[in-house]
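Heads up: the structure comes next, in structure tokens.
The values are calculated or read from the model by the stated rules, or taken from the named source; none is laboratory data. Since this is a predicted model, take the numbers as computed values, not measurements. All Cβ positions, even for glycine, are placed from backbone atoms using ideal geometry, and neighbour counts span all protein chains on display. Keep in mind that these areas ignore ligands, DNA and RNA; they rest on the heavy atoms of the full protein, side chains included. Shrake-Rupley method; radii C 1.70, N 1.55, O 1.52, S 1.80 Å.
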Amino acid sequence: MTHQSPPLVVELHRSGRTVLVPPALTVLEALENVGVAVDSMCRAGICGTCETVALSGTGTRPDHYPRPLRLCTTAPGTLTHLVLDL
């Protein structure tokens, strides 16, 4: 039996929307799937075009917020909940 991460709950602070990110997708992909426009280019975390501010988050590892976050490389795993400045 394989353990799969639970979906990541992403709250969009400015729009008030909530998006569930399934384990197979990045935050960028999930946002695009529900029609949220986010600038992006490389989709590999290199260019920084999709970087936004994470206002808060919870998960299995401690992080300090607010902090920059590249949406193209962020996926469910150690994070379970994020609030983004979008």
#### Entry: From the options Leu12, Leu28, residue that is out of contact with any strand residue (DSSP E or B) (no Cβ under 8 Å at 6 or more places or on another chain) and open to solvent by less than 50 Å² (accessible area, probe 1.4 Å)
Leu28
#### Entry: Residues (at pLDDT 95 or above and farther than 24 Å from Gln4 by Cα) located in the range 55-64
Leu55
### Query
Considering Leu69, Leu55, which residue is closer than 14 Å to Leu84 by Cα, open to solvent by less than 50 Å² (accessible area, probe 1.4 Å) and not in a loop (DSSP other than H, G, I, E, B)?
Leu69
#### Entry: Checklist (1) touching a Cys at 6+ places or on another chain (Cβ under 8 Å); (2) part of a loop (DSSP other than H, G, I, E, B); (3) surrounded by 13 or more Cβ atoms within 10 Å (Cβ to Cβ) applied to Asp63, failing item
(1)
### Message
Would you confirm, using the coordinates I've provided, whether Leu31 is within 11 Å of the chain's Cα centre (by Cα), more than 14 Å from His81 (Cα to Cα), part of a loop (DSSP other than H, G, I, E, B) and at pLDDT 95 or above?
### Response
no
### Query
Hey, among Leu84, Leu79, which residue is within 17 Å of Leu12 (Cβ to Cβ), aliphatic (A, V, I, L, M) and at pLDDT below 95?
Leu79
### Task
Report, ordered by the first and then the second residue, all pairs with beta carbons closer than 9 Å, sequence separation of six or more or different chains, a first member in the range 74-86 that is outside any loop (DSSP other than H, G, I, E, B), and a second member that is loosely packed, with under 15 Cβ neighbours inside 10 Å and of a type in the set (Phe, Trp, Tyr).
Val83/Tyr65
### Message
Give me the residue from the range 56-86 that is among the β-branched types (Val, Ile, Thr) and closer than 22 Å to Ser40 by Cα and, out of that set, nearest to the chain's Cα centre (by Cα).
### Response
Thr74
### Query
Considering only the range 40-68, how many residues are in contact (Cβ under 8 Å) with a residue 24 or more places away in the chain and charged (D, E, K, R)?
1
### Residues of the range 10-26 that turn out to be free of Cβ contacts under 8 Å to residues at least 24 places away in the same chain, hydrophobic (A, V, I, L, M, F, W, C) and outside any loop (DSSP other than H, G, I, E, B), as a count
2
